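Read-outs: derived from the displayed coordinates by stated rules, not from any lab. It should be emphasised that the depicted structure is a prediction, and the values quoted were computed from it without experimental measurement. Cβ coordinates were reconstructed from backbone atoms using ideal geometry, including for glycine residues, and neighbour counts include every protein chain displayed.
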Amino acid sequence: MAVFKVLPDIWSVGVVDWDVRSFHGPSYSTHRGTTYNAYLIMDEKKALVDTVHRPFASELANNLRQVAGEGKIDYIIVNHIEPDHSGSLPEIMKLNPQATVVCTAKAQEGLQKYYGGNWTWKIVKTGDSLELGEHTLRFIETPMMHWPDNMVTFIPQKQILLSNDAFGQHLAWSHPFDDQNDMEVIMAEATKYYANILTPFSKIVAKKLQELAAMNLDIKIIAPGHGIIWRSHPDKILAAYGRWANAEAGEKVLIVYDTMWGSTEKMARAILDGIARAGIPAALFKAAVSDRNDIMAQLLEARAVLVGSSTINNDMLVPVAAFLEEVRGLKPAGKLGAAFGSHGWRGGAVESIEKQ
């Protein structure tokens with residue numbers, strides 16, 4: 001069901017990847033697969049918004065033939081140059097050599113480094129637009145959501161925002177819309193996506209959300225580059241991004257630990273029991289056996305994080321150090337923190353955690 005009508009004259013022509021279990025190399029776990037969404041606007045001029053990961057180029061080409069015929073694309077809009085979205089661009093340009101590539105200046109710079117294509121370019125910035133006939137494409141730059149080249153494309157006649165990575169989820173589907181799927185699952189994957197990809201840029205995200213609101217776009221549908229399309233609840237994901245970008249969190253406590261001979265685990269469970277008796281939600285993760293991306297999703301919505309480790313060589317255990325290194329890179333804001341741990345003849349783990 002990768003080819004379907006999103007709205008009159010707007011088609012989804014991307015692909016569903018049920019099998020992928022890691023993304024960005026090994027850095028992001030995709031337990032539920034993903035999609036590489038691409039959208040085709042059928043008008044006097046035909047525009048393809050984004051392509052797909054290169055291994056699926058032939059599938060994208062077949063999808064385009066189903067809807068538009070052979071070699072009929074006038075514009076290819078590149079909202080983002082990352083290979084999962086632009087990887088098929090060279091193949092699609094071979095089939096549509098007359099097409100103009102529309103992107104930001106930063107995107108052109110990156111695409112030429114990636115692919116070196118001798119293509120016709122149209123460089124756009126916020127406020128620029130492209131007339132296709134009955135549809136207008138309005139471009140809004142969104143740098144660092146999550147690369148410098150990013151932009152989104154808005155079609156005012158249909159009140160649809162083609163948002164690429166923003167508002168996405170790594171979630172394969174058999175039915176493409178939010179109202180056709182379990183909202184709890186969708187939001188879990190959207191939370192994980194923001195936590196592991198966009199958290200370092202939260203201040204930028206918050207500012208861009210304010211800019212979008214000031215534009216009074218009246219967005220009815222958000223169609224991202226991964227996962228489901230927000231047809232019925234775009235307000236839900238916009239509100240969630242507002243909370244996450246402004247580091248708003250509930251009273252939840254996250255406990256992350258590892259243990260050598262069980263003492264630190266006993267401490268972690270005792271802390272968990274005490275927090276639970278106080279009526280405060282809490283979650284417990286053993287670092288060595290837990291998915292770090294899932295932990296980060298929990299951390300995004302936690303008010304406090306407690307980190308514990310046994311001592312080895314006057315330092316913390318490696319899985320705990322790896323967790324803290326992940327936190328250091330993502331830079332979540334507004335969290336309370338504390339350290340705990342155990343040792344035999346000499347400590348060091350707690351001090352090392354506190355330094356981090």
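Within segment 195-270, how many Lys pairs sit with Cα atoms under 22 Å apart, leaving out pairs fewer than 8 places apart on the same chain?
Qualifying lysine pairs in segment 195-270: 8.
Could you tell me the largest-minus-smallest coordinate of the C-alpha atoms of segment 202-290 on each of the three principal axes, in descending order and whole angstroms?
If we take the Cα atoms of segment 202-290, the spans are 57, 27, 25 Å.
Using only Cα atoms and rounding to the nearest 10 degrees, what angle (0 to 90) does helix 57-68 make with the longest principal axis of the chain?
40 degrees
As a check on your grasp of the helix formula, calculate [θ] at 222 nm for the chain: sum -39500 (n - 2.57) over DSSP H runs of n ≥ 4, divide by the residue count, round to the nearest 500.
Mean residue ellipticity, 222 nm, calculated: -9500 deg cm²/dmol.
Assuming 1.306 mPa s and 10 °C, estimate D for segment 4-245 with Stokes-Einstein, Rh taken as the Kirkwood radius over Cα pairs, in µm²/s.
The diffusion coefficient I find is 90 µm²/s.
So which aspartates and glutamates can K46 reach, going by Cα to Cα under 20 Å and dropping same-chain residues fewer than 8 places off?
Qualifying aspartates and glutamates at Cα under 20 Å: D9, E59, E70, D74, E91, D128, E131, E134.
Which GluC sites (Glu not before Pro) in segment 243-305 sit in a loop by DSSP (not H, G, I, E or B) and have at most 14 other Cβ atoms within 10 Å of their own Cβ?
The qualifying sites are E248, E251.
Mean separation of Cα pairs under 8 Å and 6+ residues apart, divided by the residue count of segment 142-228: what relative contact order is that in percent?
Relative CO of segment 142-228 lands at 47 percent.
Calculate one ³J(HN,Hα) per residue across segment 27-41 by plugging θ = phi - 60° into the Karplus curve 6.51 cos²θ - 1.76 cosθ + 1.60, and present them in order as whole Hz with x for glycine and proline.
8, 9, 7, 10, 4, 10, x, 7, 10, 10, 8, 9, 10, 10, 9
Which whole-Hz ³J(HN,Hα) couplings does segment 11-21 yield from phi under the Karplus relation 6.51 cos²θ - 1.76 cosθ + 1.60, θ = phi - 60°, glycine and proline marked x?
Values per residue, Gly and Pro as x: 10, 8, 10, x, 9, 10, 10, 6, 9, 5, 10 Hz.
For a quick protection proxy, order the peptides 27-40, 339-352 by their average other-Cβ count within 10 Å, most packed first.
Taking the mean over residues of other Cβ atoms within 10 Å, the ranking is 27-40, 339-352.
Show which lysines lie in cross-link reach of K355 when reach means a straight Cα distance below 16 angstrom and same-chain residues fewer than eight apart are skipped.
Candidates past the 8-residue exclusion: K331, K335.
Using θ = phi - 60° and the Karplus relation 6.51 cos²θ - 1.76 cosθ + 1.60, list the HN-Hα couplings for segment 102-117 in order, rounded to whole Hz, with x at every Gly or Pro.
Values, residue by residue: 10, 6, 6, 4, 5, 5, 4, 4, x, 5, 5, 5, 5, 10, x, x Hz.
Quick one: if you stick a label point 7 Å off each Cα along the C-beta vector at A206 and E248, how many nm between them?
So the two model labels end up 1.2 nm from each other.
Which value, in debye to the nearest 20, gives the size of the charge dipole of segment 86-169 about its Cα centre, when Lys and Arg are +1 and Asp and Glu are -1 at the Cβ?
80 debye
Using Cα-Cα distances under 8 Å and only pairs 6 or more residues apart, what relative contact order does segment 4-245 have, in percent?
In percent, rounded to a whole number, it is 17.
With just the Cα atoms defining each centre, how far is segment 121-145 from segment 50-72? Give it in Å.
Answer, in whole Å: 22.
Would you mind telling me which residue in I160, I280, I77 has the biggest mean-square fluctuation in a Gaussian network model of the chain, where springs connect alpha carbons within a distance under 10 angstrom?
Fluctuation is largest for I280.
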